[in-house]
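J.: Pasting a structure below so you can have a look.
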């Protein structure tokens, strides 16, 4: 799920990149605004591809993602980076007029809402077409589309009010609520990162104690991502951006003890995930208690700690000056990340279509790999095409200049009868 963050205004980017010029600090004391970091788009693009593979039914390619090697997955990555990118845009655009973050949040949430409804209509259409063509209702059943087709009058209002969330269509509704929330919070808190952390902890704790969440049709189903809990993941990304320029934050990230702690968390989470269990070694899972308490729906702090540890190590080993960004893989992920919203929606449609593709062609490993790589290739191609269209300058053909009038030939001046004489008449 996800949002396409706006970049820093061109004038500020130019000022920050001038040779020998120190970046000016905002009057409010916020960290100086710098050019957009390509790593933000790279990780977000990679998260979209990983989410696509993870959502593709029983896909062998999901073994290349992080979900099998720890207690968190690409959902934390996507939501955290969305908060980070939103903070980048808000501080560059609304810091002097924070109240404008509220109408922007409403506008952005409405755009997400339209993408969500469009995705459902496309997926439901594919399910109906597959039933008509193949005589199989597997897509309608697996994607929970059948209730909408059978009881449209009952389900349609719930779809419109986000009370009906079929599988694969649960991230954008979460992001809609988070976008509305952050507009209000930024108008109140501006760039004070501690306020966002305090708000996140209080609301998350209340959700854990009270069990507060949102339900989906039928009422016994709950949201896959409890927004009262997952706001902590989003706001942790938002606060991380705001605090990143402070000396204590940089010192903390570079401290050997912090690095050692992150490495330890990643190793412990790997042992807890026990990827070797798929090979039949079910008994050798000494830390299974960690996976048992790693509740995804309610954003378990165990999952968040694991993700933050991985993010910390990734920021250390993949530097901004790394050559990874100039490789084909790096460039592809960056461009997907820049078009995160439409390509995320498209990847969701691809994942839904996998139910019909695997039902028709079989569920062999070759089919899974071909479908997964083919879908990723389409996302990459569309990302490159969109970037090319964005950067291509529309040069209009030069307008033909009007022909210059030829100088008129000199004519002898002939006095007319009505023209007065310039010289007095001699008498």
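Every number in this text was worked out from the coordinates using simple rules, so none of it is lab data. Keep in mind the model is a prediction, meaning the values are calculated, not measured. Cβ atoms come from the backbone with ideal geometry, glycine included; neighbour counts cover every protein chain shown.
J.: Is the range 247-383 best put as rounded, prolate or oblate by its Cα gyration tensor, with a ≥ b ≥ c the root eigenvalues, rounded for a/c under 1.5, and otherwise prolate when a/b is larger than b/c, oblate when not? Don't skip to the end; give the middle numbers.
T.: Working: a/c = 2.22, a/b = 1.22, b/c = 1.82.
Verdict is oblate for the range 247-383.
J.: For residue 63 and residue 188, FRET efficiency with R0 = 41 Å and r from the beta-carbon atoms, rounded to 0.05?
T.: Details: r = 44 Å, r/R0 = 1.07.
That gives a FRET efficiency of 0.40.
J.: Let me ask something else about it. For the pair residue 316/residue 118, report the inter-label distance in nm, with labels modelled 7 Å from Cα in the Cβ direction.
T.: Placing both labels 7 Å beyond Cα along the Cβ direction yields 4.2 nm.
J.: Another question about this same structure. Can you work out the FRET efficiency for the pair residue 205 and residue 264, with r the C-beta to C-beta distance and R0 = 22 Å, to the nearest 0.05?
T.: Here the calculated transfer efficiency is 0.30.
J.: Further question on the same structure: Ranked highest first by average number of other Cβ atoms within 10 Å, how do 299-306, 127-134, 116-123, 330-337 line up?
T.: Highest-to-lowest ranking by the protection proxy: 330-337, 299-306, 116-123, 127-134.
J.: Still on this structure: Order the peptides 150-160, 341-351, 42-52, 248-258 from the highest to the lowest mean number of other Cβ atoms within 10 Å of their residues. Don't skip to the answer; put the middle values down first.
T.: Values: 150-160: 13.2, 341-351: 21.8, 42-52: 26.0, 248-258: 11.3.
Final packing ranking: 42-52, 341-351, 150-160, 248-258.
J.: How large is the convex hull of the C-alpha atoms of the range 183-337 per residue, in Å³?
T.: Per-residue hull volume (Cα only) is 200 Å³.
J.: Determine, from the Cβ-Cβ distance of residue 246 and residue 132 and an R0 of 60 Å, the FRET efficiency 1/(1 + (r/R0)^6), rounded to the nearest 0.05. Could the numbers behind the result be given before it?
T.: Numbers: r = 59 Å, r/R0 = 0.99.
Plugging the Cβ-Cβ distance into 1/(1 + (r/R0)^6) gives 0.50.
J.: Need one number: convex hull volume per residue for the range 44-385, Cα atoms only, in Å³.
T.: Value for the range 44-385: 160 Å³ per residue.
J.: Could you order peptides 372-382, 221-231, 313-323 by the average number of other Cβ atoms within 10 Å of their residues, highest first?
T.: 221-231, 372-382, 313-323
J.: For the range 120-237, what does the alpha-carbon gyration tensor say about shape, rounded, prolate or oblate, given a ≥ b ≥ c as the root eigenvalues, a/c under 1.5 as rounded, and a/b over b/c as prolate?
T.: It comes out prolate by the Cα gyration axes.
J.: Let me ask another. Quick check: Cα centre of the range 135-156 to Cα centre of the range 165-213, how many Å?
T.: Rounded to whole Å, the Cα centres lie 31 Å apart.
J.: Once fully extended, how much extra length lies between residue 257 and residue 285, figured as 0.36 nm per residue of separation less the alpha-carbon to alpha-carbon distance?
T.: Length gained between residue 257 and residue 285: 7.3 nm.
J.: Once you have a ≥ b ≥ c as the square roots of the Cα gyration tensor eigenvalues for the range 44-167, tell me rounded if a/c is under 1.5, and otherwise prolate or oblate according to whether a/b is larger than b/c.
T.: oblate
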